Structures are given as C-alpha cells and as structure tokens.
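Structure, as structure tokens:
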Amino acid sequence: MKISNRLKLIASFVDDNSYVIDVGCDHALLDIFLVQNKTNVKTIASDINEGPLEGARKNIELYDLKDKIEIKLGDGISTINKEVDTIVISGLGGETIVDILKEDINKLNNIKTMILSPHSDNYLVRKEITKLGFKIENEIFTYDQKKPYVIIKFVKGTSNYSDDELYFGPVILKEKNEYFIKYYQELNNKNKKVLENIPLDNIEIRNKLEKEIERLDKILNV
C-alpha cells in the first residue's frame, strides 16, 4: 500500500505489540499500513464523521483486515476501550488536539504512548501534554508535499523542558536535521527583511522581532 512519507514516519513511532486508536482515521490508510508492517498491532480506526469511515470500511475489507482493525464512529478519544495503549492524532491543529485529549482525560489512564502530528501550535502541544504526565521520547521535523510537519512521540513519564525545547522540540534541537535548518533559515531571513522595513519609532514590534531573530540566530549557530 502506498502512503505518504508523513504517515510512514508516524508508523515508525508505533511500537510492536501495540493497540492503537487512530483518531480522525480518514480512510484507514495508516491503520492498514500498521497492521501490515508492524508486529502484533491492532487498531481502532475512529472518526467523528461517517463519510471517512465508509472509505475506511471499504479499504479494510479490500485488504481483509477486519479482524485487526475495528471501525468506530465517535468524537475524539471517546471510543477508546481499556485495551488501547497508544493514541495517534495527526492533521489537526495543536489546540484541537489538546482539547480532544483533555476533554476525555480519564481515558488516558491506560495510555502508554501518544504520537501526535499537529499542523500548528507545536509549542502548546508539548507544553500541555507534558503536564498530563507524559514526556517526549522521540520527534522529527520533516516535509511532506512541500509542507513542514512535526511528529512527536510522548510516553508516560515526567521531564523538565526549557522554553526553547518546548518551542522547537528537545530531540529536534539535538538533531537539527536538514529540514529543520532549511525551514528556520528561511523564516529567519524573512524576519530580517521585515525588520528592515519597520519604522524605527515602532519600538514594540521591532523589539519583538529582534528577539525572535536573536533566538533563531542562536539556534542556527549564525
């Protein structure tokens, strides 16, 4: 089965012998890939809308995987059962992801792992999920279809992170892969051009932008 690079990376973060709920499963492409390529993995393909679940149902039947992938209609993580130990949520905004997890916080009692790939507010996700008793085990900064994405793997535990680590990611900061460098170099160059055009008397905006440039210069070792 062909799936996107982003979904492959998400799958690589899923442990063997896991019971996964894929929240917002779309057409269950990740679920199918997981049970075909990981050892002893079962999944729940969950979505709030019947349309994507109908597509998921057809794909699951096509690959004869009804015994390993369960389809559930429901909001957020409301469809979790006690056997589920891994949550996967991708393609939603960070604030929405945090709201989904906090809305049914009691459902997290048996969860060992969360793999989250927000399309915004990564800082908020790291900050709020670590407050729930999880720490960052792994993460990656990547591009898929020319768009930047972050994938974060949280596991049960506690850890203290600096503001930079919450903003950029502790693992990502250590690795600083080519995609990370490319994205933040381009962003920093844009910031510097914008700063050139801001009037000197606009002190508040200039100070804010100068601090961000200084921060990125430091991160990029400029």
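The values are calculated or read from the model by the stated rules, or taken from the named source; none is laboratory data. The structure presented is a predicted model; accordingly, all values stated were derived computationally and were not measured. No Cβ is skipped: glycine too gets one built from the backbone with ideal geometry, and neighbour counts run over all protein chains shown. SASA here: full protein model, heavy atoms, side chains in, ligands and nucleic acids out. Shrake-Rupley method; radii C 1.70, N 1.55, O 1.52, S 1.80 Å.
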**OP:** Please determine, by comparing only the residues of region 5-49 that are hydroxyl-bearing (S, T, Y) and closer than 15 Å to I115 by Cβ, which one is most open to solvent (accessible area, probe 1.4 Å).
**Re:** S12
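Listed here are the residues, each with its yes/no results for (1) surrounded by 12 or more Cβ atoms within 10 Å (Cβ to Cβ); (2) modelled with pLDDT of 95 or more; (3) within 19 Å of the chain's Cα centre (by Cα); (4) of a type outside the set (F, W, Y).
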residue: D163; (1), (2), (3), (4): no, yes, yes, yes
residue: P170; (1), (2), (3), (4): yes, yes, yes, yes
residue: F180; (1), (2), (3), (4): yes, yes, yes, no
residue: Y184; (1), (2), (3), (4): yes, yes, yes, no
residue: L187; (1), (2), (3), (4): yes, yes, no, yes
residue: L195; (1), (2), (3), (4): yes, yes, no, yes
residue: N202; (1), (2), (3), (4): no, no, no, yes
Subject >> Residue that is in contact with a Ser or Thr (Cβ under 9 Å, 6 or more places away or on another chain), acidic (D, E) and closer than 21 Å to Y149 by Cβ, where the choices are D31, D85 >> reply: D31
Original post:
Out of region 111-120, which residues are at pLDDT 95 or above and surrounded by fewer than 21 Cβ atoms within 10 Å (Cβ to Cβ)?
Top reply: K112, T113
**OP:** Look at region 37-48 and say how many of its residues are touching a strand residue (DSSP E or B) at 6+ places or on another chain (Cβ under 8 Å) and either outside any loop (DSSP other than H, G, I, E, B) or more than 16 Å from Y19 (Cβ to Cβ) (or both).
**Re:** 7
**OP:** Using the structure shown, decide if I151 is touching a residue at least 60 places away in the same chain (Cβ under 8 Å), in contact with a helix residue (DSSP H, G or I) (Cβ under 6 Å, 6 or more places away or on another chain) and open to solvent by less than 70 Å² (accessible area, probe 1.4 Å).
**Re:** yes
Original post:
With (1) in contact with a helix residue (DSSP H, G or I) (Cβ under 8 Å, 6 or more places away or on another chain); (2) in a loop (DSSP other than H, G, I, E, B); (3) surrounded by fewer than 19 Cβ atoms within 10 Å (Cβ to Cβ); (4) touching a residue at least 12 places away in the same chain (Cβ under 8 Å) as the list, and E83 as the residue in question, which single condition is left unmet?
Top reply: (1)
